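The values are calculated or read from the model by the stated rules, or taken from the named source; none is laboratory data. Given the structure is predicted, the values throughout are model-derived calculations rather than measurements. We place every Cβ from the backbone using ideal geometry, glycine too, and count neighbours over all the protein chains shown.
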């Protein structure tokens with residue numbers, strides 16, 4: 001009488017012979033791989049002062065520039081960028097308020113007068129890391145700074161300081177410029193404010209190449 005095996009029984013028989021007659025055991029499930037803990041970011045070091053930006057190349061692109069002021073903004077542990085993802089709007093609002101207050105605090109000691117027309121360049125001083133930087137990503141920070149310069153008290157929006165308004169009629173820019181990196185600490189930012197005799201339009205603006213030159 002011939003014994004008949006199903007395909008499953010035949011494979012089990014072969015497995016028993018391979019294991020020396022012992023019944024095959026189900027393969028143990030692979031242990032889940034543990035994720036390696038994330039390393040905390042390296043400390044950037046103590047705050048430092050970047051070299052002042054070169055103003056002459058910036059003045060060269062403006063029609064009839066007048067007086068100018070360079071403001072190194074106070075050191076900030078956190079600035080706003082277009083790549084940020086904040087957990088809630090309160091966190092972003094708190095950072096924006098701190099930046100705005102920092103700009104307002106410089107009006108009196110720097111003796112920046114009230115102007116009718118002005119151009120603003122914002123110069124980013126990045127950390128010394130080997131990767132490309134786009135200063136335009138810091139536009140949300142500059143917006144908070146300009147708000148603090150133009151409207152010192154957000155509760156009294158009708159009270160203006162630097163300009164009658166930060167619209168295109170009175171303000172040219174802010175224009176992004178890459179500056180020298182900081183030797184240590186987090187990124188810094190300088191604002192170059194230039195007095196103008198009138199609004200800048202396509203008819204009277206000058207064209208200067210190399211505005212994003214990292215040597216500025």
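For the stretch 1-14, indicate whether the set of residues that are loosely packed, with under 15 Cβ neighbours inside 10 Å and modelled with pLDDT of 80 or more is non-empty. Within the stretch 1-14, one or more residues are loosely packed, with under 15 Cβ neighbours inside 10 Å and modelled with pLDDT of 80 or more. Looking at residue 86, is it at pLDDT below 90, surrounded by 10 or more Cβ atoms within 10 Å (Cβ to Cβ) and within 19 Å of the chain's Cα centre (by Cα)? Yes; evaluated as a whole, the condition is true for this residue.
Annotation for the stretch 104-113: at least one member residue is surrounded by 12 or more Cβ atoms within 10 Å (Cβ to Cβ) and under 21 Å from the mean Cα position of the chain (by Cα).
When every residue of the stretch 44-53 is checked against the conditions, at least one turns out to be on the phi > 0 side of the Ramachandran plot and within 22 Å of the chain's Cα centre (by Cα).
Between 109, 52, 63, which is at pLDDT below 95, closer than 30 Å to residue 198 by Cα and outside any loop (DSSP other than H, G, I, E, B)? Even if it seems obvious, please write down each step before you answer.
Numbers: 52 fails: outside any loop (DSSP other than H, G, I, E, B); 63 fails: outside any loop (DSSP other than H, G, I, E, B).
Sole residue among the options that is at pLDDT below 95, closer than 30 Å to residue 198 by Cα and outside any loop (DSSP other than H, G, I, E, B): 109.
Against the conditions (1) surrounded by fewer than 22 Cβ atoms within 10 Å (Cβ to Cβ); (2) in contact with a strand residue (DSSP E or B) (Cβ under 6 Å, 6 or more places away or on another chain), residue 159 satisfies every one except (2). Are any residues in the stretch 162-172 buried (at least 18 other Cβ atoms within 10 Å of the Cβ) and touching a residue at least 40 places away in the same chain (Cβ under 8 Å), and if so, which ones? Hits for the stretch 162-172 are 162, 163, 170, 171, 172.
Is it the case that some residue within the stretch 76-90 is closer than 25 Å to residue 200 by Cβ and not in a strand (DSSP E or B)? Before the answer, list the steps.
Step one: list which residues in the stretch 76-90 are closer than 25 Å to residue 200 by Cβ, which gives 82.
If we keep only those that are not in a strand (DSSP E or B) too, we end up with 82.
Checked against the condition, which is being closer than 25 Å to residue 200 by Cβ and not in a strand (DSSP E or B), the stretch 76-90 yields at least one hit.
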